[in-house]
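I have placed the structure first, in the form of structure tokens, so that the comments after it can refer back to it.
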Amino acid sequence: MKIIISYPPIESTKGTPLLSQNRQFQYFKEPTYIYPIVPATAATLLKKAGYQVIWNDCIAQGWSYQEFINFIKEEKPDLIAFETKTPVVKQHWRVIDDLKKLTTDKWRPLTVLFGDHVSALPEESFQNSKVDFVLTGGDYDFLLLNLCHALSKHKLSFNDTEPGIYYRENGQVKNTGQFKLNHDLNSLPFIERELTHWQLYAYKNGNYKLTPGTYIMSGRDCWWHRCTFCSWPLLYPEFRVRKVDNVLDEIGILIEKYHIREIMDDTGTFPVGDWLRDFCSGVIKREYNKKIYLDCNMRFGALNQEEYKLMKKANFRLILFGLESANQKTLNRINKNLKVEEIIESCKAARCAGLFPHITIMFGYPWESYEEALNTWKLGKWLLQKGYAHTMQATVVIPYPGSPLFEECASKKLLKTLNWEDYDMKHLVMRTEVPEEKIMSLVQSMYKVSFSPEFVIRKLLSLRDKEDLKYSIRAAKKVMGHIFDFSK
Ligand code: SF4
């Protein structure tokens, strides 16, 4: 059985879609490519089980739509699987229907969709396209393997497949039940980096100071998993983490075999407590801290000064924090379980330990006044200008289907549109008391802080080597790109 795991081209004047492994979809003028860890694990699992697997990320490869279609016609895969997300799901339905038109007497490609959008609304894709299967939940690597076993044995009754698979039978959409996250992450093979074209994701990524860089995932996905705007708790309502030694062994291979110099762990929130301490000690004992930088996602208020110091000793560098609001009312309302003061304390503690906090700031909550949005803007600016935050990203809040925020907005009639293509951060999709232009201008002007004299002087004074200089130049280009991303 031949399987293609694909990111088909998304041809858009809005920029390059950041679709892979992304909790918040955006088109970028200055592209960045994130290693899609779960699809790459799916490819590896399938290959190890004896299937012929082709990795085909047309977005990262810059392919045109025609190149993609020609490639599929030539390869004639038995099954094509894509990850999808709300703003591009309609385009993926068109792709699926185009692929079905390629059917010949001897070849009929099967299509599979997975991701947060189709986990929230699995039946919608059957109604709007000729898709054959939808995989729900976040363990779609395990589920895709299970599906391929079922298909290759021609057991299409699905009586013995895992829960979470949607399919058609006699013109009706059926499913195998609610997905379960009962798979052991330690049983997964390490990603076959050649198979999944690791170099595509090793350079053009704003998180890396040193290249080649790469991604891993120590856990799925976030131990808090309760923020109401976040769509990934839908995929991973429970948290699981790999054993420390399993993660360390993978890092060892990345250093020795691929000469990786920086690793971003894309677990929604990196594990804390004993796991973090054992991990840092293991990194130091194996002397990986002398060879690579480590980056991770973290929650404000989760760690103390000693833990940040230990992370620094293990050569962690960038720590990504979500700064969703500077208003306690909003933090409570989105169930962030955080006090505003903890934002400042955590940034200071991480920075004092020698780490580099990256803050992702959000604007556009329906209940926030302009003054409240401005509070967030001011806090972001202050953290950047004081050097407590090193870099930042600013976006508008998008309530993705399946998230509690989407449900809340739908029930209160706060959604301006249900056209999924509008959920791409180019516009607000929630009704707000603040006019959209004012919110967009706050987002844009947040990026402009990076060009303020105080920020620039601080950056120049912090340059230590040519890698710092190259990183700062790349970061400045990214910031310019983001200013255009949010321009009209
Ligand atoms: S802490 Fe981050 S990853 Fe976890 S639920 Fe909240 S937004 Fe999502």
Per the rule of 0.36 nm per residue minus the C-alpha distance, extending residue 2 to residue 412 adds in nm 142.9 nm
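Could you order peptides 101-108, 390-397 by the average number of other Cβ atoms within 10 Å of their residues, highest first?
Top of the packing list down: 390-397, 101-108.
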Which of the lysines could a cross-linker span from residue 329 if the Cα-Cα distance has to be under 17 Å and same-chain partners fewer than 8 positions apart are dropped?
-> 339, 378
Under 19 Å from a label point 7 Å along Cα→Cβ of residue 65: give me every residue in the stretch 424-442 with its amide N that close.
-> 424
If you wrap the chain's Cα atoms in a convex hull and average its projection over all directions, what's the area in nm²?
-> 21.8 nm²
Inter-probe distance in nm under a simple model that places probes 7 Å from Cα toward Cβ, at residue 332 and residue 370 = 2.6 nm
Between residue 469 and residue 286, with labels modelled 7 Å along Cα→Cβ, what's the label distance in nm to one decimal, could you check?
-> 3.4 nm
With charges set only on the Cβ (+1 for Lys and Arg, -1 for Asp and Glu), what does the dipole of the stretch 225-371 come to about its Cα centre, in debye to the nearest 20?
-> 260 debye
Put a dot 7 Å past each Cα toward the Cβ at residue 210 and residue 445; how far apart are the dots in nm?
-> 4.0 nm
So what's the angle, to the nearest 10 degrees on a 0 to 90 scale, between helix 340-352 and the longest Cα principal axis of the chain?
-> 80 degrees
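Apply the a/c threshold of 1.5 to the C-alpha gyration tensor of the stretch 366-410 and tell me whether it is rounded, prolate or oblate.
Here the stretch 366-410 falls in the oblate category.
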Helix 140-152 vs. the chain, principal-axis angle (Cα, 0 to 90°, nearest 10) = 10 degrees
What FRET efficiency, computed as 1/(1 + (r/R0)^6) with R0 = 25 Å and r the Cβ-Cβ distance, is obtained for residue 245 and residue 199, rounded to the nearest 0.05?
-> 0.35
Packing-based ranking, highest mean first, of 226-232, 446-452, 407-413 given that Cβ atoms within 10 Å are counted = 226-232, 446-452, 407-413
Kindly report the accessible area of the chain per residue (heavy atoms of protein chains, probe 1.4 Å, no ligands, DNA or RNA), in Å².
-> 40 Å²
May I ask you to list the chymotrypsin sites (Phe, Trp or Tyr not before Pro) in the stretch 288-372 that are in a DSSP loop and have at most 14 other Cβ atoms within 10 Å of their Cβ?
-> 367
Out of 418, 207, 234, whose Cα points farthest toward the positive end of the dipole of the stretch 206-485 (charges: +1 Lys, Arg; -1 Asp, Glu; placed on Cβ)?
-> 207
Full-stretch length increase - residue 306, residue 75 - with 0.36 nm per residue and alpha-carbon distance subtracted = 77.8 nm
Crossing angle, helix 453-462 versus the chain [Cα axis fit, 0-90 degrees, rounded to tens] | 80 degrees
Determine the gain in length on full extension of the stretch residue 313-residue 168; use 0.36 nm per residue of separation and subtract their C-alpha separation, reporting nm with one decimal.
-> 46.9 nm
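The values are calculated or read from the model by the stated rules, or taken from the named source; none is laboratory data. Nothing here was measured: the structure is a model prediction, and the numbers come from that model. Cβ: placed from backbone, ideal geometry, glycine included. Neighbour counts: every protein chain shown. Areas reflect the complete protein model, heavy atoms only, side chains present, ligands, DNA and RNA absent. Shrake-Rupley method; radii C 1.70, N 1.55, O 1.52, S 1.80 Å.
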